[in-house]
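Step one of this worksheet: look at the structure below.
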Amino acid sequence: MKPSAIFTHDTYFLGANQGELLAGGGINYEALTFYLRHFSSVAVCCRIKRVKLACTADHSPGTGPGIRAVEVPNLSGPLMAWRNRRTARQVLEAELNNADVLIARIPSEISLLAIAVAQKMGKPYLIELVGCAFDALWNYGSLWGRLYAPVAMLRTRQVVLNAPRVVYVTSRFLQKRYPHRSFAGLGGNLLGGAVMHSSKLKDAALGCDPASATADVLECSNVLVESPPSSLLAGRLSRTAAAAHVLRLGMIGSLTTASKGTRTVLKALSLLMRHTREWEFRHLGVGDNKSYVDYARALGIAEHVHFDGVLTHDKVLAWLDEIDLYLQPSRQEGLPRALIEAMSRGCPAIGSTAGGIPELLEPGCLHAPGDANRLARLIEKAMADSRWMAEQARRNFEISRKYEQKILLAKRDAFFQRFVDDAVNDI
């Protein structure tokens, strides 16, 4: 029989109707069903916001068969942490008492508390490190965020350093900022394209079966893309060669946070008005676009800017196929799903140096977070050089193949199955 698990994160679900919870962020029911491959049930311990029904139209389901939500009080900010920590601990203790394992996704204040509770109760746990705590808080936009950023970074470093198991979604960035204790030993051993570190990997190096070694660390993206047909690239190259059409720039990202860099794009685009080639910018993502429309109007580019809201996944892919140049101007990131999906559709791309983006794009395609002038120059280069666009289309299409679902799912499955096997032996 499969063990049960609780999953913790600071994400939030939206509650509009009785019993119906929708995803407020990127963690939705579809993404959570991966865990049902290894666990009988998953309790998602997160924040829940009560909203009006009209506010939920663009959101996907957060819960469903096998996945339920448990409300944990907000711990973000000094006042909320002081006021709600005791209640949050009680909720997590109750859930962990009835569950077999903990999956703690960080950065997250709820997850940091859950790890402490799991350690005290002797419960097996695993950390998924999907972003940088410092970058997330520093770019949040508040004075408290900037003051707390170095503290959160130190706390996150400590729990990752001593964790029994960690999944990194990047290849270098998060590992450098939040190293695991096993990095000081052998370093890493490349097994089937996924890097695993372990205090027991020495046995594997001496000829033992690597599968029998305890893998403390998995370096494997949680972004899984479907294998695109080869004919897709041919269509992309034909589009790139047709320089007569209006150049369509696009990005995907939530409008509820400044960290996605939408304002950086709008500022950069305002510098392109004298360019000879016509262009338009299309944005896809959840959130109220009013302040961005107002900003585009103030910059004099409103007629060129379009917000397309939220689409189902199949329509997102079709939307990407109509984008000539994809932009990822984030101020903070782990490994951006939207960028990888754009690359899988053969999109040439420009991005910031935040998080794991430099692991995906060439140095000549990068700008510093918030640097609208550099972004504008890169866009102008792309507008004037169809050969460069074609080269980047080919490159990005090939790079995206490393993130195909059939490849990464096998790696994640193997790692989680070892976690489950060890947990069952401990129960």
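Summary table
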{"read-out": "Condition met for Gly62 (touching a residue at least 12 places away in the same chain (Cβ under 8 Å) and at positive phi)", "value": "no"}
{"read-out": "Matching residues, segment 155-180, being β-branched (Val, Ile, Thr) and within 20 Å of Val223 (Cα to Cα)", "value": "Val166, Val167, Val169, Thr170"}
{"read-out": "Residue that is surrounded by the fewest Cβ atoms within 10 Å (Cβ to Cβ) [pool: residues in segment 405-427 that are assigned to a helix (DSSP H, G or I) and modelled with pLDDT under 85]", "value": "Asn425"}
{"read-out": "Residues of segment 95-141 satisfying the condition of being touching a residue at least 12 places away in the same chain (Cβ under 8 Å) and assigned to a loop (DSSP other than H, G, I, E, B)", "value": "Ala99, Asp100, Pro107, Ser108, Lys123, Pro124, Val130, Gly131, Cys132, Asn139, Tyr140, Gly141"}
{"read-out": "Unique match (being over 29 Å from the mean Cα position of the chain (by Cα) and buried (at least 16 other Cβ atoms within 10 Å of the Cβ)) among Leu233, Leu271", "value": "Leu271"}
{"read-out": "Verdict on Leu360 being over 17 Å from His283 (Cα atoms) and modelled with pLDDT of 95 or more", "value": "yes"}
{"read-out": "Residue in segment 146-159 that is in a helix (DSSP H, G or I), among the charged types (D, E, K, R) and modelled with pLDDT of 95 or more present", "value": "yes"}
{"read-out": "Residue ID - surrounded by the most Cβ atoms within 10 Å (Cβ to Cβ), chosen from residues in segment 355-403 that are under 30 Å from Tyr140 (Cα atoms) and among the charged types (D, E, K, R)", "value": "Asp371"}
{"read-out": "Tally of residues being assigned to a helix (DSSP H, G or I) and without any contact (Cβ under 8 Å) to a residue 12 or more places away in the chain across segment 218-247", "value": "3"}
{"read-out": "Candidates Arg277, Arg337, Arg331, Arg297 - the one that is out of contact with any Ser or Thr (no Cβ under 8 Å at 6 or more places or on another chain), among the charged types (D, E, K, R) and either buried (at least 16 other Cβ atoms within 10 Å of the Cβ) or in the same structural domain as Glu219 (by TED's automatic domain parsing) (or both)", "value": "Arg337"}
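The values are calculated or read from the model by the stated rules, or taken from the named source; none is laboratory data. Fair warning: this is a prediction, and the values are worked out from it, not measured in the lab. Positions of Cβ are generated from backbone atoms using ideal geometry, with glycine treated the same way; all protein chains shown enter the neighbour counts.
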